[in-house]
Each structure stands twice: as C-alpha cells, then as structure tokens.
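The values are calculated or read from the model by the stated rules, or taken from the named source; none is laboratory data. Treat the numbers as computed from the prediction; the structure is a model and nothing was measured. Please note: Cβ atoms are built from the backbone with ideal geometry, for glycine as well, and neighbour counts cover all protein chains shown. Side chains are part of the model used for accessible areas, which takes the heavy atoms of the whole protein and leaves out ligands, DNA and RNA. Shrake-Rupley method; radii C 1.70, N 1.55, O 1.52, S 1.80 Å.
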Amino acid sequence: MSANLCKNAQERPEPVKAEIKGNIPSWLQGTLLRNGPGIFSLGDTSYEHWFDGMALMNSFTFKNGEMTYRSKYLRSDTYRDNMAANRIVVSEMGTMAYPDPSKNLISKVITLFNHTIPDFTDNGASNFIKYGNDYFATSETNYIRKIDPLTLETQDKVDYTKYLPVNLVTSHPHYDKEGNTYNIGTSIAEKGKTKYVLFKVPAVSQKGKGKDALALKSVEIICTVPCRSLLTPSYYHSFGLTDNYIIFIEQPFKLDILKMATAYMRGVNWASCLKFCPDENTLIHLIDRKTGKSTEMKYCTGAMVVYHHVNAFEDDGHVVFDVIAYNDNSLYDMFYMSNLKKNTEFTESGYSKPSYRRFVLPISSDKGVAVGNNMVKLKYTTATAVKEKEGKLVCQAEVLCEGFELPRLNYDVNGKRHRFVYGNCVEESALAKQVAKFDTETKKMVYWNEENCWPSEAVFVPRPNGESEDDGVVLIPVSNSNPGQSGFMLILDGRTFKEVARAYVNGEIHKDVHGLFIPHEN
C-alpha cells in the first residue's frame, strides 16, 4: 500500500452511482468533501514529499439511500503552470522546483528571486474551509481556492494578505453555531514584528451582503499573540476553542525564516528549515474570546509536537483541552516518497508513536497557593498544573491512549465536554490499517478493520435530533488493495461501531487527508 500512495490518481469528474451493500440511513442527506494529494510525478520530475502532490478533490453525495461519487483535480495556478510545462515548476514545502536546464539565464534569475521572497503555492491539498457561504480548498499558505462543492469546479483564487497581515494560515478552523469561522495565521516580520493573528470571519458578509460577496472582506482580528522569537515562529496545524477561550500552543517546532530565504540557493527544500528544539518548553496561550487578551496565568509544558487538537471545554474554573502529541518531529519524514516507496511499516526508521494527551489549565488566581502545589481540582483526570512561581504553572498531561490520530468527534459538542472520539489507529505505522471509536471515560476502544483495506480519516455525522453524543454514523473512505475490488465508502453506526453499509465506487479511492460534511440543506 505504501508504494501505491506514490502513484498518480485518476480524476473522475462525472458523478458515478455507487453500488450499495447494506442500507444507508434515509436521514443521511448531504455531501462529504475530501481533499488530498493526487499527482506525484509529471514529465521527468517527481515530488519528493507525499503532502506536496497536486490536490485531488473527492465528493461523496448521499441522497435517499444512494451515494454518488466524483473526483476532480483542483485547477490551481500551480496545477496549470505544472501541466503547461509538463514538469514540476512550482515549489512545495518538501520539494524545491528548479528551472529546466534549457531555460535562459534571465529565467533562472527570476526563479531565484521568487524563491528568496517566496510566493507560495495555491495547491490547496490539505482540507476545505467554509467562510460565509463559500467553500475553499486550502493548504497552509496565504492562498486558498474557492470551489463549487457540488461540481468540484475550481473558482477564484483568494489571497489572505489582501484582508489580513498573515503569511501562513491553518487548514483546521472552528465554526460556531451562528456559522462564524475562527482561524489563526502567522504574520512574519511585519513592521519588525512576528506574531500570531487570531481572526473571525462572520457568517454573513457585512460589506455588500450580495450573494457573491466574499465573507473574508468582513474579517475581524480577535487578537494578536507576539512570537517569542522574531525569525523563528512556531509551526502549528490546529488550535482549541471553547465558549469563552481560544487555546493556542506555541511549540518548539519552528520555521527558520532566514534559512527559508536561502533554501533555494542551498539546494534544499523549505521543510528542511523546520527545526525541533527539544530543550525548549511549549508555551500554552489561553486567550479570552471576548476581550482578546491572554489570561494573567501563564502556562507551559515540556517540548512536544502537536498537529491535531481533539477538543477543549470548560469545567469548574478550568479549561481542559485534548491533543494528539508526539515527542519529536519525525512524523513528517515518514511521508517522504523515498520512505514510502520502501514499503516498510516505518518501525525500523524510528516511527514516533503519538499519544492522546489531556491538559488542564486552572483559570483562577494562584495567590495564596504555595510554589510546588498542583492547582488542578478536577477529580476525573490525573493531569496537573503545578505552580512554578507567581502567575506561572507547569502543566503535565494525562495520557488517555496511544497510537491514535486524525481525531474527529460529534462537532455539536465541540467546545463542550465530550466523551467519544473517532480516529485512525497508528500503533505501528503512520498509515492506518484500522479505525477506532475511543471512549474517554472508560478508556476503551472498539475497532473496524479489514484485510488489505486502508481507511482514511473518520468523519462523524450526527443523526438529526439524535438521542446521544454518538447517535449518528461515521463516514470513512477506504482504499482497497484486494485484487479486483473497488474502493468504498464505509458507513459505521456511531454507537456500536458496526458496519451499516458500504458504497463501492467501481474504481480506486486514493488516500486523502482531511474533509468536511455539508448537510443537504446547505
């Protein structure tokens, strides 16, 4: 399967009706959008890293017990430029593109200048984001591409920098009940300062409420958090949100801006300019959503690398947040094409297994509390927050389980106390062979797996007016490497984790990254 990941996928732009085995619930009406890399080689050039591949969008539409499938390449500027040249000419994070040897000197000088002050790719192959009424394919650069969620047609290219001073933006936003979107980006050396910018995009654009008005035009900056070092901002992939707070982890996994500026000349990729500093603490910023100010209490923990937040909630004067954390930054290296083509389970190359960690941040004043005392008062967790000095707490997480990634939950409980999380089991490898439902109270898991089947991220869809947190279905695209068998959409019961149905697409389903479900009424 690892080798198959490196193969170019075929798009299927026309909708294909799936062959159903079992019964898709009649209430399941909507479209699951999925995004991930799909083209890995072009002409005589190849991407060096799997995440760099050109974006392939997938849609699985459920209606009246049936499912239709289609896939289409994102027609980004990156895609068009690469296709026109029949070679990779746009650099990505893990792949530096160099001009054709036959190009003249002027072309090479222009290319060099473009890489010294990089104009990033618009190859949005990581996820989809909803701003206002619009959907966008996104990676983590300043460019996103508007798409039609029904046809997967590529539409306008949008540059964040026209609305916000940000060079990098996460592909994991949050949404509130009103439909507002919250996200965070990094502003590098703007007016001599590097900072993290937390912002809100209103559900309905206030500036020109017409149908085609871009919601980003009405963006509001909630607050900015100064970076602890001007030229080495932290990398981050997601953040936490509760009713009253934003949780931002400033981890010692950093992007060296000066090294990035010279990467092209040195013949290395931009990813090589990411460095993990194991001797530094991880800072945890707790920000009041109403005031935009960080709490007086300051929090830190040991060095770790976090890509995915699970959830966060408030409880009796504490903010509890769950993350999937690693002890180092080796995960990214697992997905270099040279490693994938070895077809190993990564255990030989030092696979760093993730752990599901729960942190607890006491909010109240520590006045009167002696140095060395634990301020966490919650009885259901062993997480601690020990007073180091006035106004500063050192946090230690409770490890709820190991080898669990791509966490998803019933988003109706996002920001509230949750019990159940769905995700991929990555005990032995970064590539999952099984998915699981994890109970945070009993610490038990139930699993689904099948021989030669490779599940992607599990997305929970709640049943309308459901009776419990796990009343719904879990949708999982599955790559099937059994000879003569198609890829399929797996539908599991959210409560029992038993198979309800599967929908075969009469072809391959390529491994993807992230996605979202759009209910039919939207």
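Quick notes on this structure:
- Taken about its Cα centre, region 12-519 carries a charge dipole of about 940 debye when Lys and Arg each add +1 at the Cβ and Asp and Glu each add -1 at the Cβ.
- A cut-off of 5 Å between modelled amide H atoms, ignoring neighbours fewer than 5 places along the same chain, links residue 155 with 146, 147, 148.
- The charge dipole of region 361-403, taken about its Cα centre with unit charges on the Cβ of Lys, Arg, Asp and Glu (plus for the first two, minus for the last two), comes to roughly 220 debye.
- The portion of the accessible surface of the chain made up by carbon and sulfur, rounded to a whole percent, is 49 (1.4 Å probe; DNA, RNA and ligands excluded).
- Relative to one another, the C-alpha centroids of region 255-329 and region 410-479 are positioned 25 Å apart.
- Local electrostatic count at residue 331 - Lys and Arg +1, Asp and Glu -1, tallied over other residues with Cβ under 11 Å: -2
- Amide H contacts under 5 Å for residue 404, placed H, 5+ residues apart: 356, 426
- Charge dipole of region 282-346 about the Cα centre (unit charges at C-beta), most positive-ward option of 339, 299, 312: 339
- Modelled spin labels at residue 412 and residue 189, positioned 7 Å past Cα toward Cβ, are 4.9 nm from each other.
- Each of 248, 224, 265 was placed along the dipole of region 173-304 (beta-carbon charges, centred on the mean Cα), and the one lying farthest toward the positive end is 265.
- For the cross-link pairs 146/193; 367/387; 444/498, the ones whose C-alpha atoms lie over 19 Å apart are 146/193.
- Helix-derived mean residue ellipticity, 222 nm - over the chain, DSSP H n ≥ 4, -39500 (n - 2.57), to 500: -2000 deg cm²/dmol
- Listed residue (355, 127, 287) projecting farthest to the positive dipole end of region 12-519, Cβ model: 287
- Label selected from (1) 44, 28, 23; (2) 33, 30, 23; (3) 50, 28, 20, the criterion being semi-axes √(5λ) of the Cα gyration tensor in Å as computed here: (2)
- Sites residue 365 and residue 496 - FRET efficiency at Förster radius 45 Å, r taken between beta-carbons, to 0.05: 0.45
- For region 386-404, backbone nitrogen atoms closer than 19 Å to the point 7 Å from residue 330 Cα along Cα-to-C-beta are found at 402-404.
- Accessible surface, per residue, of region 12-519 when the full set of protein chains is kept, probe 1.4 Å, Å²: 41 Å²
- Formal net charge of residues neighbouring residue 404 (Cβ-Cβ distance under 10 Å; K, R +1; D, E -1): -2
- Relative contact order [Cα under 8 Å, 6+ residues apart], the chain, whole percent: 13 percent
- Cleavage-rule hits, chymotrypsin sites (Phe, Trp or Tyr not before Pro), region 338-428, DSSP coil, Cβ neighbours within 10 Å at most 13: 380
- Distance between the modelled labels on residue 85 and residue 10, one decimal in nanometres: 2.8 nm (7 Å Cα→Cβ projection).
- Stretching residue 442 away from residue 150 to a fully extended chain increases their span by 101.1 nm, per 0.36 nm per residue minus the current alpha-carbon distance.
- For region 229-309, the dipole from Cβ point charges (+1 on Lys and Arg, -1 on Asp and Glu) about the Cα centre works out to 220 debye, to the nearest 20.
- The phi-based Karplus calculation (6.51 cos²θ - 1.76 cosθ + 1.60; θ = phi - 60°) puts the 3J(HN,Hα) values of region 487-504 at x, 8, 8, 8, 10, 10, 5, x, 8, 8, 6, 8, 5, 9, 6, 9, 10, 7 Hz, whole numbers, x for Gly and Pro.
- Applying the criteria of a DSSP loop state and at most 16 other Cβ atoms within 10 Å to the trypsin sites (Lys or Arg not before Pro) of region 357-442 yields 367, 377, 379, 416, 417, 419.
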